[in-house]
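Okay, so here's the structure we're looking at.
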Amino acid sequence: MSSKLRVAVLGAQGRIGSEAVKAVEAAEDMELVAALGRGDKLETLAEAGAQVAVELTTPASVMGNLDFLIGHGIHAVVGTTGWNEERLAQLDTWLAASPQTGVLIAPNFSIGAVLTMKFAAQAARYFESVEVVELHHPNKVDAPSGTATRTAQLIAAARAEAGCAPQPDATATALDGARGADVDGVPVHAIRLRGLLAHQEVLLGGEGETLTIRHDSLHHSSFMPGILLGARRVVQHPGLTFGLENFLDLG
Ligand SMILES: NC(=O)C1=CN([C@@H]2O[C@H](COP(=O)(O)OP(=O)(O)OC[C@H]3O[C@@H](n4cnc5c(N)ncnc54)[C@H](OP(=O)(O)O)[C@@H]3O)[C@@H](O)[C@H]2O)C=CC1
Ligand SMILES: O=C(O)C1=N[C@H](C(=O)O)C[C@H](O)C1
């Protein structure tokens, strides 16, 4: 058997999965051992000797796939969205029964998006108001995006730690959705527009000034270095890792 990392891709015909297949094939230290789509048998992964599976399917499919992967000791790099406390608790239970297995869940694999989250959390305590706007292609099935949800959670945690007051908002009447989704007290607005891929703005407002932190993923190639890094690192990190920043030296 070669010394290359044996990698599989789930969701291999999808928008990001098809790019991931090409990226793994092009990586000198990796071998693509399986590329599965909907309906393909997961047993193929064990037969092919996959060490790591890159999971890029749908929120409806990801848990079933992870149940199989963890149960078979196959490490997972997960980009699929749809995470909540209940799902993460289920993962913890599965991982407790397979303690050598590593799972990385990355709400976003692009370095710019990871930095956006970090900078937004750093800035959040210094401004009275903060709102998140995420903008995506209209084929996206979930809203708000996993990245925007995570960004808002990090902002809220930073503000709580700093003892910030609730945001000012005098809205007394509003159409449903007009003020966005409330994620831990941070309004998150989702735009779906033909021509876009994946974009996010964090708008912060204080007395007499605003700060806007914006990130644009212009092509799925922006996610590939993070996916490859995740695959290389997850095999050395048993248990659940949430966020690619844990595998980066961001200071
Ligand atoms: N973390 C990150 O940086 C990024 C995350 N994403 C996330 O990745 C996910 C996929 O996005 P995207 O590629 O745009 O979506 P697509 O719909 O283009 O791709 C999903 C693919 O998964 C397939 N699929 C569904 N169920 C299964 C299954 N059980 N086993 C194998 N394949 C399956 C689908 O097949 P079918 O068409 O037949 O349903 C489809 O080909 C989303 O949750 C998205 O938010 C996307 C980009 C970056
Ligand atoms: O569906 C997408 O396209 C993306 N999904 C992820 C998310 O929901 O945050 C990551 C990126 O925004 C692209």
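Sorted by mean Cβ packing within 10 Å, highest first, what order do the peptides 233-242, 4-13 take?
Ranked by mean Cβ neighbours within 10 Å, highest first: 4-13, 233-242.
Looking at the square roots a ≥ b ≥ c of the eigenvalues of the Cα gyration tensor of the stretch 105-186, which shape do they give, rounded for a/c under 1.5, prolate if a/b is larger than b/c, or oblate?
Verdict is oblate for the stretch 105-186.
Output the pairs from 4/140; 118/140; 4/41 with a Cα-Cα distance over 28 Å in this structure; if there are none, say none.
Where the Cα-Cα span goes over 28 Å, the pairs concerned are 4/140.
Classify the chain as rounded, prolate or oblate, taking a ≥ b ≥ c as the square roots of the eigenvalues of its Cα gyration tensor: rounded when a/c is under 1.5, otherwise prolate if a/b is larger than b/c and oblate if not. The partial results should precede the final answer.
On the way: a/c = 2.04, a/b = 1.90, b/c = 1.07.
Prolate, because a/c is 1.5 or more and a/b exceeds b/c.
Placing +1 at every Lys and Arg Cβ and -1 at every Asp and Glu Cβ, with all other atoms neutral, what dipole size does the chain have around its Cα centre, in debye to the nearest 20?
It works out to roughly 480 debye.
Is there a quick way to get the dipole size of the stretch 1-104? I mean about its Cα centre, with the Cβ of Lys and Arg at +1 and of Asp and Glu at -1; what is the value in debye to the nearest 20?
Charge dipole, the stretch 1-104, about its Cα centre: 160 debye, nearest 20.
If you put +1 on each Lys and Arg Cβ and -1 on each Asp and Glu Cβ, how big is the dipole of the stretch 111-218 around its Cα centre, in Debye rounded to 20?
Using Cβ point charges on Lys, Arg, Asp and Glu, the stretch 111-218 gives about 380 debye.
Please sort 170-178, 155-163, 123-131 by packing, taking for each peptide the average over its residues of neighbouring beta carbons within 10 angstrom, highest first.
Per-residue Cβ counts within 10 Å, averaged per peptide and sorted highest first, yield 123-131, 155-163, 170-178.
No lab work stands behind these numbers, since they all come straight from the coordinates. Quick caveat, the model's predicted, so the values are computed rather than measured. Neighbour counts are summed over all protein chains in view; Cβ atoms, including those assigned to glycine, are modelled from backbone coordinates with ideal geometry.
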